[in-house]
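Everything below concerns the one structure shown next.
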Amino acid sequence: MSAPLLSRLRDRGYRLTAQRRVVAEVLAGENLHLSADEVHTRAAAILPEISRATVYSTLQQFAALGELRELSLVGSAKLYDPNVAPRHHHLVCDRCGVVLDVARGVDAPTLASGEHHGMMLGDAEIIYHGVCEECRSSASDSAPA
């Protein structure tokens, strides 16, 4: 896993206002994939005067620096992943929506030349869908006997 976002920003000499620091602190941890609204809610609990616009702007700045990864999943708000290195894939629970990082070393499938549709290929990302252990447990707990 990459170093914490706050440490990476400090190492770059990035100017950390109170608002930027709080947003970076909220995004500390493993398997953390939060929407901008979730980041705002958590940041406002620490710094009540932080505005939603400031959080959105800060997330965009961090993403532009390459310090956050934006995940666009079908049926979900854009999520922000502070784990930017190494590049990795994700698991998504189709019931509760939890998103988890896949262990490194999972190779993406290659495409045959005829499947490129004229594109110069760069990176690939795999999103695995399934049902997490917690959702499976709660489903079996509520099943009729």
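Looking at Y56, is it open to solvent by less than 70 Å² (accessible area, probe 1.4 Å) and of a type outside the set (A, V, I, L, M, F, W, C)? It is false that Y56 is open to solvent by less than 70 Å² (accessible area, probe 1.4 Å) and of a type outside the set (A, V, I, L, M, F, W, C). Among the residues making up the stretch 25-43, those that are of a type outside the set (K, R) and either farther than 24 Å from V102 by Cα or loosely packed, with under 14 Cβ neighbours inside 10 Å (or both) are A28, G29, E30, N31, D37, H40, T41, A43. Taking the criterion of being open to solvent by 60 Å² or more (accessible area, probe 1.4 Å) and either touching a helix residue (DSSP H, G or I) at 6+ places or on another chain (Cβ under 7 Å) or at pLDDT below 90 (or both), the residues of the stretch 81-100 that qualify are P86, R87, R95, C96.
Can you name the residue in the stretch 121-145 that is modelled with pLDDT of 85 or more and aliphatic (A, V, I, L, M) and is also least open to solvent (accessible area, probe 1.4 Å) among such residues? Among those that are modelled with pLDDT of 85 or more and aliphatic (A, V, I, L, M), it is I126. Is there a residue being assigned to a helix (DSSP H, G or I), at pLDDT 90 or above and surrounded by 19 or more Cβ atoms within 10 Å (Cβ to Cβ) anywhere in the stretch 60-77? Yes: one or more hits.
Let's see how each residue does on (1) open to solvent by 40 Å² or more (accessible area, probe 1.4 Å); (2) within 20 Å of V131 (Cα to Cα):
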| site | (1), (2) |
| --- | --- |
| Y14 | yes, no |
| V23 | no, no |
| A45 | yes, no |
| L79 | no, yes |
| V102 | no, yes |
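What is the residue count in the stretch 110-120 for residues that are at pLDDT below 80 and open to solvent by less than 100 Å² (accessible area, probe 1.4 Å)? Within the stretch 110-120, residues that are at pLDDT below 80 and open to solvent by less than 100 Å² (accessible area, probe 1.4 Å) number 0.
Under the condition of being under 19 Å from the mean Cα position of the chain (by Cα) and either under 13 Å from N83 (Cα atoms) or without any contact (Cβ under 8 Å) to a residue 12 or more places away in the chain (or both), the residues counted in the stretch 27-52 number 10. Anything in the stretch 12-40 that is out of contact with any strand residue (DSSP E or B) (no Cβ under 9 Å at 6 or more places or on another chain) and in a helix (DSSP H, G or I)? List them, or say none. Of everything in the stretch 12-40, those that are out of contact with any strand residue (DSSP E or B) (no Cβ under 9 Å at 6 or more places or on another chain) and in a helix (DSSP H, G or I) turn out to be A18, Q19, R20, R21, V22, V23, A24, E25, D37, H40.
The C-beta contact set for the stretch 82-104 (first residue on the phi > 0 side of the Ramachandran plot, second residue among the aromatic types (F, W, Y) and surrounded by 14 or more Cβ atoms within 10 Å (Cβ to Cβ), distance under 9 angstrom, 6+ apart or interchain) is empty.
The values are calculated or read from the model by the stated rules, or taken from the named source; none is laboratory data. Predicted model only: the values in this text are computed from it and were never measured. All Cβ positions, glycine included, derive from the backbone under ideal geometry; neighbour counts span all protein chains shown. In case anyone asks, the SASA skips ligands and DNA or RNA and just uses the protein heavy atoms, side chains included. Shrake-Rupley method; radii C 1.70, N 1.55, O 1.52, S 1.80 Å.
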